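What follows is a short report on a single structure.
Derivation of every value follows stated rules applied to the coordinates shown; laboratory data play no part. Predicted model only: the values in this text are computed from it and were never measured. Please note: Cβ atoms are built from the backbone with ideal geometry, for glycine as well, and neighbour counts cover all protein chains shown.
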Amino acid sequence: MIDDQDIIIVDEPELTATERLYLPQIIDGMRTTLRHMFKKTITLQYPEQKREQRIENYRGVHRLNRDEEGRVACVACFMCQTACPAHCIHIVGTESPWDDREKYPLQFDIDELRCIYCGMCEEACPVDAIELTPEYDLVGRTRDEMILDKEKLLEVFDRTVALKPRKNPKISGYAGTGDRDGCQSAGGGQ
Ligand code: SF4
Ligand code: SF4
């Protein structure tokens, strides 16, 4: 049971004669419409028009970087896979055929549909081998097409390196100093 003192009675507000005509509100609305008609248009007609991007920090499709000799720069340390909150990176590492690193990725897949583009993988990589690019219009007809394997990730690097150079091309192994003296490369592989 509710006490009478707890009940608040709200009287319906009385409208004046002008308010009942709704003219002030209509004039107000027209004024807002007219004001916007003469403002600069900010809507872009995508895809004919594209917004200017901040290339340096845009987090789009991934790429696997190549080192100075065209080989995949990844050393299969699994740091990105471990850091990924969406669990969308899958790496199979194996013994490297090159003397300057112990391992390299035999398989490297990223599920671009599962990815939340947080950039944690890029942050975690000790050799700057994985980076997010300014590419954002990735399309595919099947889910499988949206899983980028090592070859596709290297292709993204080839496509985007002119637009966004590799962050730290000097780092290419656990030594981390860019000193590649003594490297006996097998050359050009992936
Ligand atoms: S951007 Fe984030 S979610 Fe996507 S692969 Fe990298 S760590 Fe995972
Ligand atoms: S963190 Fe870098 S080096 Fe390590 S597995 Fe990922 S991409 Fe390769």
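The fraction of Cα-Cα pairs per 5 angstrom bin, counted from 0 for the stretch 1-59, comes to 4, 11, 9, 9, 9, 8, 8, 8, 8, 7, 8, 7, 4, 0 percent, rounded to whole percents.
Normalising the Debye intensity of the chain to I(0), with uniform scatterers on Cα atoms only, and taking log10 at q = 0.08, 0.14 Å⁻¹ returns -0.45, -0.83.
Rounded, prolate or oblate: which one fits the stretch 1-105, using the alpha carbon gyration tensor with axes a ≥ b ≥ c (rounded when a/c is under 1.5, else prolate when a/b beats b/c, else oblate)? Judged from the Cα gyration tensor, the stretch 1-105 comes out oblate (a/c at least 1.5, b/c at or above a/b). Across the stretch 72-81, rounded Karplus estimates of 3J(HN,Hα) from the backbone phi angles (6.51 cos²θ - 1.76 cosθ + 1.60, θ = phi - 60°) give 4, 7, 4, 10, 6, 8, 6, 4, 5, 4 Hz, Gly and Pro being marked x.
Cα centroids of the stretch 1-66 and the stretch 73-138: how far apart, whole angstrom? The distance from the Cα centre of the stretch 1-66 to that of the stretch 73-138 comes to 42 Å.
What FRET efficiency comes out for Thr142 versus Ile26 if R0 is 45 angstrom and r is the Cβ-Cβ distance? Round to the nearest 0.05. Walk me through the numbers on the way to the answer.
Values: r = 53 Å, r/R0 = 1.17.
About 0.30, to the nearest 0.05.
For the chain, the longest principal axis of the Cα atoms and the long axis of helix 23-37 meet at an angle of about 30 degrees. Fewest-first ordering of Tyr104, Tyr58 by other beta carbons within 10 Å of each residue's beta carbon gives Tyr58, Tyr104.
Taking other residues whose beta carbon is less than 11 angstrom from the beta carbon of Ala86, and scoring Lys, Arg as +1 and Asp, Glu as -1, yields -1.
Considering only DSSP states other than H, G, I, E and B, which trypsin sites (Lys or Arg not before Pro) in the stretch 41-138 qualify as loop sites with at most 14 other Cβ atoms within 10 Å?
Lys50, Arg51, Arg54, Arg114
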